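Read the structure below first, then the notes.
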Amino acid sequence: MFEDKVVVVTGAASGIGRQTAIEFARQGAKVVVADIDEKGGTEVVAALRNDGHDAVFVTTDLTVEADCRNLIAAVVDGFGRLDVLVNNAGIEITTPFHEMSEHEWDRLVDTNLKSMFLCSKHALREMITARSGAIVNVCSVSGLVAWPGIAAYNSTKGGVMMLTKSLAVDYAKYNIRANCVCPSIIDTPMTDVSNGHDADIKAEKAKLNPIGRLGTPEDVANAILFLASDKSSFITGSALTVDGGYTAI
Ligand code: NAI
């Protein structure tokens, strides 16, 4: 489905991004893995190459404009084009809102929202020249409804939602589409016990989804690939829930 296409996936050293990079590669794309985690990113690319895919890793701190500019320049220098940008990288900080430091707020906003501004800005310059492109942002159900206890995170995802719609409106004339996916809780390192999440609470949260299980990285990756593909050529500015029915209640 993506033969000869060049796809950048941010935050692809882990979780949803990692699986998304794998699925794009399986569909024939040349994949650029961008992440601050050198070890994880290098491992993902090594595994992809081992399976015969074309993939490169670019160490990128997505909160720094110079890094995002270099990332897009490296993609265009290396592959001569950029077809798809998946803005996936994000973090969660669970400090209660009234105890959250300014530094924590800034880290959340910079990682979850500013990174999408910076990468999209530089990618759009290439896509405008090419008069073609697709951007898929990884938002969350918490961009649609307030997930309890994480007001700051929810706020960043609300921003991602409006960024997506705005890019869709402003860049449609260049044949560039922008959409986002809104997952509910997905089984990744972000929601793992190692990241401060309680296994029992996670199981309880799974029951909130009418489908009755947690989402998998594959569930989200499949939706991202659809929104990046020509199969969704009349879809832009949309938010596709990947939530087992969580927001349908
Ligand atoms: P994860 O923690 O497994 O992966 C996140 C990746 O982003 C990591 O590889 C990390 O190194 C990278 N990253 C973080 N800060 C970075 C920076 N400054 N520069 C470059 N890379 C950076 O997380 P997961 O679960 O795969 O999350 C991916 C996206 O999905 C995030 O935007 C998250 O908010 C969103 N999401 C996750 C849900 C879940 O339940 N896991 C639910 C809804 C949305």
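The values are calculated or read from the model by the stated rules, or taken from the named source; none is laboratory data. Treat the numbers as computed from the prediction; the structure is a model and nothing was measured. With ideal geometry, Cβ positions are generated from the backbone for all residues, glycine too; neighbour counts draw on all protein chains shown.
Here is a check on your reading of the model: is D35 within 16 Å of the ligand (Cβ to nearest atom) and either within 18 Å of L71 (Cβ to Cβ) or surrounded by fewer than 18 Cβ atoms within 10 Å (Cβ to Cβ) (or both)?
Here the answer is yes, as D35 does meet what is asked.
List the pairs whose first member sits in the stretch 28-53 and is closer than 17 Å to M1 by Cβ and outside any strand (DSSP E or B), whose second member is away from the ligand (no atom under 16 Å from the Cβ) and not hydrophobic (A, V, I, L, M, F, W, C), and whose Cβ atoms are under 6 Å apart, counting only residues at least 6 apart or on separate chains?
G28/E3; A29/K5
Could we say that T129 is over 23 Å from V220 (Cβ atoms), within 11 Å of the ligand (Cβ to nearest atom) and modelled with pLDDT of 95 or more here? Can you show your working first?
Working: over 23 Å from V220 (Cβ atoms): yes; within 11 Å of the ligand (Cβ to nearest atom): no; modelled with pLDDT of 95 or more: yes.
The answer is no for T129.
Sort out which residues of the stretch 71-103 are assigned to a helix (DSSP H, G or I) and crowded, with 16+ Cβ neighbours inside 10 Å, and write them in order of number.
Hits for the stretch 71-103 are L71, I72, A74, V75, V76, F79.
For the stretch 149-249, list the helices (runs of 4 or more DSSP H) that sit wholly inside it and hold at least 2 residues that are surrounded by 15 or more Cβ atoms within 10 Å (Cβ to Cβ), modelled with pLDDT of 95 or more and away from the ligand (no atom under 12 Å from the Cβ); which are they?
By residue number, 151-171, 217-228.
Hey, does the stretch 131-138 have a residue that's surrounded by fewer than 23 Cβ atoms within 10 Å (Cβ to Cβ) and not acidic (D, E)?
Looking through the stretch 131-138, at least one residue is surrounded by fewer than 23 Cβ atoms within 10 Å (Cβ to Cβ) and not acidic (D, E).
Pairs only if they're at least six apart or on different chains, beta carbon under 6 angstrom, first in the stretch 228-249 and closer than 25 Å to D187 by Cβ, second acidic (D, E); list them, first residue then second.
Taking only residues 6 or more apart or on different chains, the pairs are V242/D219.
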